[in-house]
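In what follows, a single structure is set out as structure tokens and then discussed.
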Amino acid sequence: MKEKSESGGGGGYVRADQIDLKSLDEQLQRHLSRAWTMEKNKKREEEENEARPTATRQEWEIDPTKLIIKSVIARGTFGTVHRGVYDGQDVAVKLLDWGEEGHRSEAEIASLRAAFTQEVAVWHKLDHPNVTKFLGATIGSSDLQIQTENGQIGMPSNICCVVVEYCPGGALKSYLIKNRRRKLAFKVVVQLALDLARGLSYLHSQKIVHRDVKTENMLLDKTRTVKIADFGVARVEASNPNDMTGETGTLGYMAPEVLNGSPYNRKCDVYSFGICLWEIYCCDMPYPDLSFSEVTSAVVRQNLRPEIPRCCPSALANVMKRCWDANPDKRPEMDEVVTMLEAIDTSKGGGMIPLDQPQGCFCFRRYRGP
């Protein structure tokens, strides 16, 4: 029997008795099997991709593809801080390089990563107007690529990238230096101090000890609101004070028990706040004529503290003295400090800018620079 098959192109014929149906069936079976396997693999890959964000990506992890890093705005011990944009928002980007010095072992770097991972899980949930908003982080991997204005660059695997809100007012310390000669109105002093005190009170309520409270680590937003920043050495407060030892912080702001290597708790932040309060009031640096070793020795052994100027209202001077008491147990909690500052009357002016002396107080004239 012959079967005619007309094709549109040439009117050719195919003989039905010459068609190898078995071979054709096997080819079709192989084709269907391949198609089924590809479809199955594709479906499994899609399922894995859908599951991956919840399985491996923490809630605090950023999407590196949404980040653009711009110019450097600060350099620190463990890295650099950059301007940046994340998902359309102005941000500050801190690149931490734990292995930069080349002196850390793989085990040490792994330990730093583990500790950091624990902390960012806490930071990510912080929400307070006087604490810089932590947007997220990514702990570097070998395939981490980050966009810059000049194109895409790869990040070393030991790099950690932290993204926080950008504060255009810069560091509080820089603001105080700008006002070193003319000083700040008393109401501004108390407002800046209140911002810082409220932020620290909130952190302590979340069981977080900052451990490096200083004006350099406080930022100002566009409305001059103080926001606590730089959680580089912050940690969740240990339930046992003996678990928190070691000289962590910045000399001049460090509490005696920290300088001494003794156990400490959140009250070390209260001490540092007292020094910051003096600095905000005076727009000056504590202990300008002493070396590091002299400060350490005098603070611990001779109870050295910054000299409070005569013009300082007693209510504010009292807060300073209570905060930097040598005995941590005698220092107030930060929420009590907030209450004390809120009770200060600033309506009559005063401070280092008396009403009859617009040029400011001269209590510290012998320390004044050019």
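The values are calculated or read from the model by the stated rules, or taken from the named source; none is laboratory data. Remember, predicted model here, so these are calculated numbers, not experimental data. For neighbour counting, all protein chains shown are included, and Cβ atoms are generated from backbone atoms with ideal geometry for every residue, glycine included.
Tabulated data
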{"read-out": "The listed residue being surrounded by fewer than 23 Cβ atoms within 10 Å (Cβ to Cβ) and within 24 Å of Lys187 (Cα to Cα), out of Pro256, Pro286", "value": "Pro286"}
{"read-out": "Residue list for the stretch 258-292, filter: closer than 20 Å to Lys173 by Cα, among the aliphatic types (A, V, I, L, M) and not in a loop (DSSP other than H, G, I, E, B)", "value": "Val270, Ile275, Leu277, Ile280"}
{"read-out": "Pair list, Cβ < 7 Å and 6+ apart or interchain, from the stretch 10-39 residues that are surrounded by 10 or more Cβ atoms within 10 Å (Cβ to Cβ) to residues that are outside any helix (DSSP H, G or I) and modelled with pLDDT under 70", "value": "Tyr13/Lys4; Tyr13/Ser5; Val14/Ser5; Arg15/Lys2; Ala16/Met1; Ala16/Lys2; Ala16/Glu3"}
{"read-out": "Count of the stretch 293-316 residues which are crowded, with 17+ Cβ neighbours inside 10 Å, of a type outside the set (Val, Ile, Thr) and either not assigned by TED's automatic domain parsing to the domain that holds Ile177 or not in a helix (DSSP H, G or I) (or both)", "value": "7"}
{"read-out": "Odd one out for Lys330 among (1) touching a residue at least 12 places away in the same chain (Cβ under 8 Å); (2) touching a helix residue (DSSP H, G or I) at 6+ places or on another chain (Cβ under 8 Å)", "value": "(1)"}
{"read-out": "In the stretch 300-332, the residues that are out of contact with any Asp or Glu (no Cβ under 7 Å at 6 or more places or on another chain) and among the charged types (D, E, K, R)", "value": "Arg301, Arg305, Glu307, Arg310, Lys321, Arg322, Asp325, Asp329, Lys330"}
{"read-out": "Residue match in the stretch 189-209 (condition: in a loop (DSSP other than H, G, I, E, B), modelled with pLDDT under 95 and closer than 15 Å to Lys267 by Cα)", "value": "yes"}
{"read-out": "Qualifying positions in the stretch 83-98 - modelled with pLDDT under 85 and part of a strand (DSSP E or B)", "value": "Lys94, Leu95, Leu96, Asp97"}
{"read-out": "Residue count, the stretch 317-332 (criterion: surrounded by fewer than 18 Cβ atoms within 10 Å (Cβ to Cβ) and assigned to a loop (DSSP other than H, G, I, E, B))", "value": "2"}
